[in-house]
1. State the answer as a single residue: which of A:I81, A:I104, A:A37 lies farthest towards the positive end of the charge dipole of chain A, with beta carbon charges of +1 for Lys and Arg and -1 for Asp and Glu, about the Cα centre.
2. Total Å² of accessible surface buried at the A-B contact, 1.4 Å probe, nearest 100?
3. Per the 1.4 Å probe, what fraction of the accessible area of segment B:3-113, in percent, lies on carbon and sulfur atoms?
4. Per-residue HN-Hα couplings for segment B:37-42, Karplus 6.51 cos²θ - 1.76 cosθ + 1.60 at θ = phi - 60°, whole Hz, x for Gly and Pro?
5. Mind listing the phi-derived Karplus ³J(HN,Hα) values for segment B:59-72, rounded to whole Hz, using 6.51, -1.76 and 1.60 with θ = phi - 60°, and x for any glycine or proline?
6. With the other protein chains left in place, how much accessible area per residue, in square angstrom, belongs to segment B:7-68 at a 1.4 angstrom probe?
7. List the extent of the Cα atoms of segment A:3-113 along each of their three principal axes, largest first, rounded to whole Å.
8. Assign unit charges at the C-beta atoms only (+1 for Lys and Arg, -1 for Asp and Glu), then state the dipole size of segment A:3-113 relative to its Cα centre in Debye, rounded to the nearest 20.
Protein chains: 2
Amino acid sequence: MPTILSVCITCKRDDADPADDTRPGTHLLRALHDHGASDDVEIREVSCLSACSNGCAVALSEPGKWSYVYGRMTAEDAPDILAGAAAYAVTDNGLVPWRDRPVIFRKQSLARIPPFPTSEQE
Amino acid sequence: MPTILSVCITCKRDDADPADDTRPGTHLLRALHDHGASDDVEIREVSCLSACSNGCAVALSEPGKWSYVYGRMTAEDAPDILAGAAAYAVTDNGLVPWRDRPVIFRKQSLARIPPFPTSEQE
């Protein structure tokens with residue numbers, strides 16, 4: 001299974017154009033598709049990541065790896081998000097070395113969740 | 001596999017006693033163990049959930065279910081956290097009806113992450 005990059009398409013931002021009916025989260029999704037993810041990353045839209053006060057929000061997850069949620073993203077961050085997702089995808093456990101993380105990932109992590117233990121670890 | 005209740009033991013809180021060398025997250029972990037989780041919930045300590053500005057943080061996860069991270073918890077919230085974990089454990093997908101969620105879970109969600117697709121869904 002590839003790395004899943006979940007993108008909340010209903011996210012709002014305080015600085016969004018009030019005349020624009022398209023949610024900032026949807027703009028971010030489109031920007032990510034326009035830039036294109038690496039082959040080992042699959043972009044998935046979700047209707048809510050329960051991080052509404054920190055939109056736009058995205059999450060990285062893959063079985064056996066730590067999952068991460070990042071907030072306060074914009075469509076302009078799409079290249080950095082995709083670079084961070086690609087770096088995550090090639091790890092064994094989801095832990096990208098600090099220096100290799102995009103600055104937005106270093107500074108705008110909302111939370112992470114440990115992987116489920118494998119039968120070998122239990 | 002049971003529901004995993006991950007508890008960050010290094011979490012700080014602004015209102016913590018500065019003379020107390022024990023981190024608020026560790027106090028929360030102890031309170032959860034003292035109250036005791038239901039049989040289908042396993043409490044696991046973790047060293048960081050990357051939600052440092054919203055400690056104390058806990059996460060609920062189980063294969064095939066949405067994962068949730070909650071913040072700004074205190075040791076006094078242990079009974080509500082355990083009640084919320086028990087309600088999560090008996091769901092098929094991690095989505096507890098709103099009215100059945102503890103108030104701290106309704107108001108203090110930091111993020112959630114969708115489950116990995118099963119082979120049937122793909």
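The values are calculated or read from the model by the stated rules, or taken from the named source; none is laboratory data. Since the structure is predicted, the reported quantities are computational estimates derived from the model, not experimental observations. Note: ideal-geometry Cβ built from the backbone for every residue, glycine included; neighbour counts use all protein chains shown. Protein only, heavy atoms only, side chains kept; ligands, DNA and RNA dropped before computing areas. Shrake-Rupley method; radii C 1.70, N 1.55, O 1.52, S 1.80 Å.
1. It is A:I104.
2. Details: alone 7130 and 7130 Å², together 12130 Å².
Result for this pair: about 2100 Å² buried.
3. On the way: 2400 of 5220 Å².
Carbon plus sulfur share of accessible area: 46 percent.
4. Calculated HN-Hα couplings, in order: 8, 5, 4, 9, 10, 10 Hz.
5. 9, 10, 8, 6, x, x, 10, 4, 9, 10, 10, 10, x, 6
6. Values: 3140 Å² over 62 residues.
Value returned for segment B:7-68: 51 Å² of accessible area per residue.
7. So the extents along the principal axes, rounded to whole Å, are 44, 25, 23.
8. On the way: 12 positive and 16 negative charges, 98 e Å.
Taking the Cα centre of segment A:3-113 as origin, the dipole is about 480 debye.
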